[in-house]
Ligand code: FES
């Protein structure tokens, strides 16, 4: 029998894993998409910022498909905490890296409102 993993801990290679939506839809789709709002650029900025801080071994960034909150894009989720961020822009990346990924304090102003999840 497998022992349950305590909440908030991670037994994987990376301490922290960030999934960023880069899903793309046709421009005429009313839902919009995170790709058109800069999802790919945000992935690249996250990876660059993490590498510059020599934290690439502990923090993994992965492109994801649609996270289901399209109108709130760009959306991302950080594990193991399960913290969701919405309306993320390129200007927010430094704060997310320093405050949350390295500092352990989620960026409250960017957190997705509970009722949307
Ligand atoms: S397109 Fe990004 S959440 Fe749906």
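Quick one: in segment 14-42, of everything that is away from the ligand (no atom under 12 Å from the Cβ) and touching a strand residue (DSSP E or B) at 6+ places or on another chain (Cβ under 8 Å), which residue is modelled with the lowest pLDDT?
Checking each candidate, the answer is 14.
Is segment 80-88 home to any residue that is buried (at least 17 other Cβ atoms within 10 Å of the Cβ) and over 22 Å from residue 55 (Cα atoms)?
Yes; the residues of segment 80-88 include at least one that is buried (at least 17 other Cβ atoms within 10 Å of the Cβ) and over 22 Å from residue 55 (Cα atoms).
Report yes if some residue within segment 47-68 is within 16 Å of the ligand (Cβ to nearest atom) and free of Cβ contacts under 8 Å to residues at least 12 places away in the same chain; otherwise report no. Steps first, please.
Restricting attention to segment 47-68, the residues satisfying the condition of being within 16 Å of the ligand (Cβ to nearest atom) are 61-68.
Now drop any that are not free of Cβ contacts under 8 Å to residues at least 12 places away in the same chain, which leaves 68.
Yes: segment 47-68 contains one or more residues that are within 16 Å of the ligand (Cβ to nearest atom) and free of Cβ contacts under 8 Å to residues at least 12 places away in the same chain.
Which members of segment 71-85 meet the condition of being within 16 Å of the ligand (Cβ to nearest atom) and in contact with a strand residue (DSSP E or B) (Cβ under 8 Å, 6 or more places away or on another chain)?
Answer for segment 71-85, where residues must be within 16 Å of the ligand (Cβ to nearest atom) and in contact with a strand residue (DSSP E or B) (Cβ under 8 Å, 6 or more places away or on another chain): 73, 74, 75, 76, 77, 78, 83, 84, 85.
The values are calculated or read from the model by the stated rules, or taken from the named source; none is laboratory data. Predicted model only: the values in this text are computed from it and were never measured. Cβ: placed from backbone, ideal geometry, glycine included. Neighbour counts: every protein chain shown.
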